[in-house]
Amino acid sequence: MKVVLEECKTVRAAIYCRISSEEKARSESNSLASQKEICEHYIQIQREKGWKFSGLYEDGGYSGKDMHRPAMQRLMEDIRSGKVEAVVTYKLDRISRSLRDTSEFLEDLKARKIIFASATQSIDTSSATGALMTHILASFAQFEREQTMERTAARMASRAEKGQWN
């Protein structure tokens, strides 16, 4: 009996991590190191599918308000140049807290046939239901950002009214 082994294609998987300084102050469990470790573990689980860690892109101390972050820009360059076949992140909101930016990012990956994975969320953009859930998660990320901005502005106005320094 002849056994034919299918050659497993290597999938170069990049990890993207981001944390804003305000988030770090609120939660050390959500640190860049912790995000990286969880994403590395996710890639290890996928190794039977040919996944291999290909690079780390970290933006520490950058807001998710837009995509103008150094490591995100390097990641996008490597995606365009064909160096990345999968992007793994801790949570979808690490990509951006803008619904439009997140949608455009995911559409760009889809057009290039690049896999997107969240290590802590079940995201499947290949189905209509999965795409809807992804957009709902992105909407919540934007909502959280806008809510934080409102609270910060109110807190600063209150301090100013009391003559306190902001």
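Give me a count of the residues in segment 45-101 that are among the acidic types (Asp, Glu) and over 26 Å from residue 148 (Cβ atoms). Can you show your working first?
Within segment 45-101, the first condition is being among the acidic types (Asp, Glu), and the residues that meet it are 48, 58-59, 66, 77-78, 85, 93, 101.
From the residues that got through so far, the ones that are over 26 Å from residue 148 (Cβ atoms) too are 48, 77-78, 85.
Number of matching residues: 4.
Within segment 80-109, being crowded, with 23+ Cβ neighbours inside 10 Å, of a type in the set (Ser, Thr, Tyr) and part of a loop (DSSP other than H, G, I, E, B) holds for 90, 96.
A quick yes/no check of all residues on (1) assigned to a loop (DSSP other than H, G, I, E, B); (2) at pLDDT 90 or above; (3) surrounded by 13 or more Cβ atoms within 10 Å (Cβ to Cβ):
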{"position": "3", "(1), (2), (3)": "yes, no, no"}
{"position": "22", "(1), (2), (3)": "no, no, no"}
{"position": "46", "(1), (2), (3)": "no, yes, yes"}
{"position": "56", "(1), (2), (3)": "no, yes, yes"}
{"position": "59", "(1), (2), (3)": "no, yes, yes"}
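Give me a count of the residues in segment 122-134 that are surrounded by 14 or more Cβ atoms within 10 Å (Cβ to Cβ) and at pLDDT 70 or above. Result for segment 122-134: 4.
The values are calculated or read from the model by the stated rules, or taken from the named source; none is laboratory data. Predicted model only: the values in this text are computed from it and were never measured. Heads up, the Cβs are rebuilt from the backbone with ideal geometry, glycines too, and the neighbour counts pull from every protein chain shown.
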